[in-house]
1. Which one is farthest from RNA strand B (Cβ to nearest atom) among residues in the stretch A:804-851 that are closer than 23 Å to A:ASN721 by Cα and open to solvent by less than 20 Å² (accessible area, probe 1.4 Å)?
2. Checking the condition open to solvent by 30 Å² or more (accessible area, probe 1.4 Å) and within 15 Å of RNA strand B (Cβ to nearest atom), which residue from A:SER94, A:SER41 passes?
3. Return a yes/no flag: does the stretch A:197-213 have any residue that is within 15 Å of RNA strand B (Cβ to nearest atom), touching a helix residue (DSSP H, G or I) at 6+ places or on another chain (Cβ under 8 Å) and assigned to a loop (DSSP other than H, G, I, E, B).
4. Kindly indicate whether A:PHE211 is under 23 Å from A:LYS249 (Cα atoms), of a type in the set (A, V, I, L, M, F, W, C) and open to solvent by less than 40 Å² (accessible area, probe 1.4 Å).
5. Considering only the stretch A:569-596, state which residues are in a helix (DSSP H, G or I) and open to solvent by 10 Å² or more (accessible area, probe 1.4 Å).
6. Specify which of the listed residues (A:LYS18, A:LYS60) is out of contact with any Lys or Arg (no Cβ under 9 Å at 6 or more places or on another chain) and either in a helix (DSSP H, G or I) or modelled with pLDDT under 95 (or both).
7. Being of a type in the set (Asp, Glu), farther than 17 Å from A:THR207 by Cβ and within 14 Å of RNA strand B (Cβ to nearest atom) narrows it down to one residue among A:GLU466, A:GLU381, A:GLU390, A:GLU438; which is it?
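The values are calculated or read from the model by the stated rules, or taken from the named source; none is laboratory data. Quick caveat: nothing in here was measured; it's all calculated off a predicted structure. Glycine also receives a Cβ, built like all others from the backbone with ideal geometry; neighbour counts cover every protein chain displayed. SASA here: full protein model, heavy atoms, side chains in, ligands and nucleic acids out. Shrake-Rupley method; radii C 1.70, N 1.55, O 1.52, S 1.80 Å.
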Amino acid sequence: MNFSSIEKNSQKTWEDEKLFSPEIDSEKKGFYIQVAYPYPSGAMHIGHAKTYTTTDIIAKYKMLAGYNVLMPMGWHVSGTPVLASVEKLKEKDSETVKIFTENFKIPEKDLKKMHTPDGLVNYMVDEAEYGYKKGMKILGFGIDWRRELKTIDEQYKKFIEWQYEKLNQKKLIGKGKYPIRYSPKDKMAVGDHDLKEGEGIGIQEFTLLKFKLEGFKNRFLVAATLRPETVYGQTNLWLNPEYKYTVIKTGKEEWILSEKAAEKLIYQKENIKKIGKMNSRELLGEKVEAPGIDRKIPIWPASFCDPEIGSGIVTSVPSDAPIDMAALIDLQSDESIAKKHGLDFEEIKNTKIIPIIKTKKFGENAGEKILKEMNIKNQKELDKLEKAKEIVYKEGFHSGVMLEAAGKFKGLKVSKAKDLIKEELIKQGKADLFFELEGKVVSRSGGECVVRLLDDQWFVKYGNKEWKKNSKKDLDGMKIVPEVFRKQYEQIFNWLDDKPLTRAKGLGTKFPWQKDQVIEPLGDSTVYMAYFTIAHLINTIEAQKLNDEFFDFIFLGKGSAKNVADKTGLKVDLIEELKKNFDYWYPLAFNVSAIELIPNHMSFSIFQHNAIFPQNKRQIGTINLGMLILEGKKMSSSKGNVILINDICKKMGTDYVRFSLMNFVEPWEEMNWQSKEVSKGIKNLNNFVEQIFKLANSVDEEKIDLKKLNDVDKWFLNRINFRINNYIGKMNEFELRSALQEMSFNLAKDFKWYKRRNSKLNNAIIFYFVKNWCKIISPFMPHLAEELWRHVLKQKNSVFLSGLPEKQKIDKSVGAGENLIEKVLDDVIAIKALAKIEKPKKIVFYIADEWKWNALKLLKKVDRPDFGLVIKTLMADKTVKKQGKTAQLVAKEFSSRLMEFKDLEKIDEEKILNDSKEFLLKELNAQKIEIFHEKKSGFDPQNKAVKSMPGKPAIYLE
RNA sequence: GCAGGGGUUCCCGAGUGGUCAAAGGGGCAGGACUUAAGAUCCUGUGGCUUAGUGCCUUCGCAGGUUCGAAUCCUGCCCCCUGCACCA
């Protein structure tokens, strides 16, 4: 078969006939399916293809089912990657050039076209041979290209501005502080992809406790802690005795802390000034006022105090912190240290430990207890102490309860008390927040990163409770495919919090209220599905004419077309046309995307639809797709283990690629593309497809004459209908793999049996088979199906307009006959092997007596395979009882295979076997077949006849 | 750590209470066809046993519920995905 010419022909026909450019059609129901538009930054590989192919198949199936289907496509080019690539290409950065020329297969001479963002975007979309758009065309997607958009189109930007105006009106946009990872050297915020070291390292929030130093007006030592709730157990403050601390001025206060912490604070507080140094010798032994407990506590030395960590000052809570306990014991057990620093040893010795948290595991004094348990001797065993801390902390957080010392927080769970105490301390001015990276983070350029606290960051308030509640309501009414992901959505909805909306850099829409900021890429890709419904028309309008009234009218039905026309200078007709388009296509039937996007795109989309659009103009459901790995490994274009669409389609044929993408797992499952398995699958498929084409060429008999059918014909017809029904059922649940297998391998199997059983195939049946197969395979293999439909089966219009086959009645008894033949065949083969009879002279079948069939009916009352129950039930019947020992035998069989016998329907075994005599003789390589009723045999040398059961004739061979 | 998903026979993968030693495919073995290879078709593929049978063992591990569990419940171990400024 010449795939390439078939593909070209089919695609040309679709284009000529504008098959996939739907117009409003009041006669037809609309079905609008939308798949997350890609970031067109490279070559399209089979991983991308899986997502889009799945969507395309669903779209084509719905078209076959009679819907007016819309599937648009756009290009998400917002954000920084394009800018970064342009910079690097201009610099002729060798690594980037290599990626573009080798991995994306872009000719080197074209690289100069990509020295501007627009140039790069346009090239990647329209010119790149291996790009997404070309790939999608190769794959034969039914995309309405008139509606193509880029997220930097001027009209699109107007739409985004309108979107955020709406959110703002609902008070869902806010401004506030926000910590980010920041590289002082590069003077920019850094994401994971900007890093040389420390990917995935997060930001930790510390509470900065302020201890007023005695003898000073406004001077505080500050200690950073992750555990503000432990303030009630403080006994003293720890300083590193060998260190010179820095004094800074912040507002009216002066803070003492490590040099490193001071450096970090510069990025988190305004107007930090270093004003001096203080040696720890000046501080040891002095008293400070401890926050939370409002008591004076002394400053003592501890070697574990690391100026690199936190503020270099630690508040001591020996009852709960193992390391504090260890340091205290060290101090208490060696008077010389106190002497050296001029401390009051009596005070050290008499230090009272204050229990604050009670846990099941450690009681009230976890610090002391775990030191003993882990046999920790002093504060120098840092590794052990680190572990001890972790254990105590976890135990306390999950099961701990605050004790009396915590005052009004007594009795609260630690997990709850923590935030309450923190907030109270901050409110009282006794604490502040301090953000710290969890580990070392280094930017690409080699600069060590810190946390920067943005003062006036804009947010989308996904944390808003009312909004969450309403969005959750929408979610409840939506169809989630597959349903198992609903839980995940619900969890995400609970967890979602206010999310930064703007960035300083990147392509996209300028933020209307602060023009030096750009709406970040996840913000301009949440409700664009609505825009697609009018994209083909809005493209022709000058962007500056578009205003809020315009969008309000089209999407929300506010105002009138005339009013909008007056304000924008647009024609009333055009405005009404736009609105009609939106009203026809919305609500969106399905939003399709990869599972990974559930926590952002997909969830945001539900939220924002809820906030902006009226109830009946949101989305009906989501389809969530699994990703694709290659030979068990993640695909990575930099490592070269990718399969590009152009290459694989050329090699295998587009329709076989589409088939293979669906053949192994359901759409939402992760697929492992293994070339070996794929080609095996294709081999089988190809045999079947070629047979079909051959058959199709040989038949044109439309009408099935039931009178001319033999039993096997009927069986096959029945089987085809059965498969079609299954297919429709599966497709409606989006179980594409099961549906595909029904009509490829399963139907092929049926056909194989049909051929085996029937020497002459019935033309009408074959025609029916081929025609319906062509229809239902068409969403999966559109090019071949269209070729078969138009040029072999000589049908006029596209196969996609031909309508789904109707659901057919299935006649179970027809199947039973073939089941009997199969079973008998299997049994005789088994016996032949065991008895070592290769060419039987004679095969005798004994058919079960009438009373055995009647006894079968009695089984309806039996609900479990209990021999006692079965025999009791059977013996209650006179005709059965008469049979004596044989009845017992039957009862035993029935009870051991109850489920099998229960569903058995009465069939004429004699006739079925007789009709198939010839077939059985041939298959079994036998000379003669005789069929008797159990009690009328007259020939039963081995006494087999008694063993006959309904559905299972007794067999004798010789 | 938190959240979601998952662990099935040589391999890939179906299977959510009885017809399950467990679909389908692959691999492997045997047979038919062929001069041969390939393609195609048939048969077998946990163990023992047997004229189409019966028994034992098996569905991550350990318990439990039930007349009956791969399937339900509890605990444990392991794997994958996401965790926010990143598209």
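1. The qualifying residue farthest from RNA strand B (Cβ to nearest atom) is A:PRO805.
2. A:SER41
3. Yes.
4. Answer is yes for this residue.
5. Within the stretch A:569-596, A:VAL572, A:ASP573, A:LEU574, A:GLU576, A:GLU577, A:LYS579, A:LYS580, A:ASP583, A:TYR584, A:ILE595, A:GLU596 meet the criteria.
6. A:LYS60
7. Of A:GLU466, A:GLU381, A:GLU390, A:GLU438, the one residue that is of a type in the set (Asp, Glu), farther than 17 Å from A:THR207 by Cβ and within 14 Å of RNA strand B (Cβ to nearest atom) is A:GLU390.
Conditions (1) part of a loop (DSSP other than H, G, I, E, B); (2) at pLDDT 95 or above; (3) surrounded by 14 or more Cβ atoms within 10 Å (Cβ to Cβ), marked per residue:
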{"site": "A:ASP516", "(1), (2), (3)": "yes, no, no"}
{"site": "A:PRO521", "(1), (2), (3)": "yes, no, yes"}
{"site": "A:ASP524", "(1), (2), (3)": "yes, no, yes"}
{"site": "A:TYR531", "(1), (2), (3)": "no, yes, yes"}
{"site": "A:ILE534", "(1), (2), (3)": "no, yes, yes"}
{"site": "A:LEU537", "(1), (2), (3)": "no, yes, yes"}
{"site": "A:THR540", "(1), (2), (3)": "yes, no, no"}
{"site": "A:PHE550", "(1), (2), (3)": "no, yes, yes"}
{"site": "A:PHE555", "(1), (2), (3)": "no, yes, yes"}
